[in-house]
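Values quoted throughout were computed directly from the atomic coordinates according to the rules given, and no laboratory measurement underlies them. These figures come from a predicted structure and were not determined experimentally. We place every Cβ from the backbone using ideal geometry, glycine too, and count neighbours over all the protein chains shown.
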Amino acid sequence: MEALSERNPRVVSAVKLHRAPVRRKSGLFLAEGPNSVESALDTGRVEELFYSLKAAGREHELVAGAAANGVRTTLVSDRAAEALGETVTPPGLVAVCRQIDVPLTEILATAPRLLAVPVAMSDPGNAGTLIRVADAVGANGVVLAGDSVDPHNGKSVRAAAGSLFHVPIARDRDIDAVLAGLRAAGITVLATAAKGEVDLDSADEILRGPVAWLFGNEAHGLDPEISRRADHRIRIPIRGRAESLNLAAAASICLYASSRVQHAK
């Protein structure tokens, strides 16, 4: 079997998916590396799997399993693998996948008990990390509200380490519509705030019911106007000398606290 070069039209089309406008138009994105590719294959979202000779040696079962399940598997040259990958040392394993986001109404129809709602999140690495945390704590979905980063961005996909395919994800630019939808579904809306009126350590009663956590932008935090519209503002007690926590750390603490209360025997 001859390896496709970086000039092959199929490879060229796939490489273009590194760009957001092309992803939007095509409804496709790239998942790179064995964790993401395996999760994408498990959920039946792979259109084509590109692999290098080195990757075929390392991930023989993954590639063979994909082919056995009817997925188009394509050997590519090392230079093509480099063009398809975005990391310094490309793994040589890249899947072209159908995009994963669903309408918010679809998530709300499942009667979710724990949602993460980042508002105007701009860093793709943080978006992927938050999705991974949401998956780890058993959250029922992630809602990217407002002008947020594309979760199909390569950095976001890598940071999610496969969790992108495990947790329902919605995107909605209309924050008012998101808040209205959450309320109509009977979900308590919580905002993280340094001077919140409720201490996280004392919030168990609130956390027992269905909740959606609002998390703000990395640079500016949650807009005070949006924070005021939450049902409760929760502060994370800081007992050391750190002034604050970054978004991913704060989200991890809050989501874990909710999960602990909801799964308590």
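Anything in the stretch 88-111 that is acidic (Asp, Glu) and not in a helix (DSSP H, G or I)? List them, or say none.
Passing the criteria: only Asp101.
How many of the residues making up the stretch 179-218 are crowded, with 24+ Cβ neighbours inside 10 Å and closer than 18 Å to Ala109 by Cβ?
3
Of all residues being among the β-branched types (Val, Ile, Thr) and under 29 Å from Gly85 (Cα atoms) in the stretch 141-178, which is surrounded by the most Cβ atoms within 10 Å (Cβ to Cβ)? Just the residue, please.
First pass over the stretch 141-178, keeping only residues among the β-branched types (Val, Ile, Thr): 142-143, 149, 157, 167, 169, 175, 178.
Next cut, under 29 Å from Gly85 (Cα atoms) only: 142-143, 149, 157, 167, 169.
Values: Val142: 27, Val143: 25, Val149: 21, Val157: 30, Val167: 23, Ile169: 24.
Within the stretch 141-178, the match that is surrounded by the most Cβ atoms within 10 Å (Cβ to Cβ) is Val157.
So which residues in the stretch 228-265 are of a type in the set (D, E, K, R) and either more than 14 Å from Ala193 (Cβ to Cβ) or touching a residue at least 40 places away in the same chain (Cβ under 8 Å) (or both)?
Just the residues of the stretch 228-265 that are of a type in the set (D, E, K, R), to begin with: 228-229, 231, 233, 235, 239, 241, 243, 260, 265.
Answer for the stretch 228-265, where residues must be of a type in the set (D, E, K, R) and either more than 14 Å from Ala193 (Cβ to Cβ) or touching a residue at least 40 places away in the same chain (Cβ under 8 Å) (or both): Arg229, Asp231, Arg233, Arg235, Arg239, Arg241, Glu243, Arg260, Lys265.
Which ranges mark the helices (runs of 4 or more DSSP H) fully within the stretch 151-227 that have 1 or more residues being touching a residue at least 24 places away in the same chain (Cβ under 8 Å), farther than 20 Å from Ser252 by Cα and not aliphatic (A, V, I, L, M)?
The helices (runs of 4 or more DSSP H) meeting that bar are 154-160, 175-184.
Restricting attention to the stretch 9-30, which residues are among the aliphatic types (A, V, I, L, M) and either farther than 17 Å from Ala159 by Cβ or touching a Lys or Arg at 6+ places or on another chain (Cβ under 8 Å) (or both)?
Result: Val11, Val12, Ala14, Val15, Leu17, Val22, Leu28.
Could you tell me whether any residue of the stretch 112-122 is in a strand (DSSP E or B) and among the small types (Gly, Ala, Ser)?
Within the stretch 112-122, one or more residues are in a strand (DSSP E or B) and among the small types (Gly, Ala, Ser).
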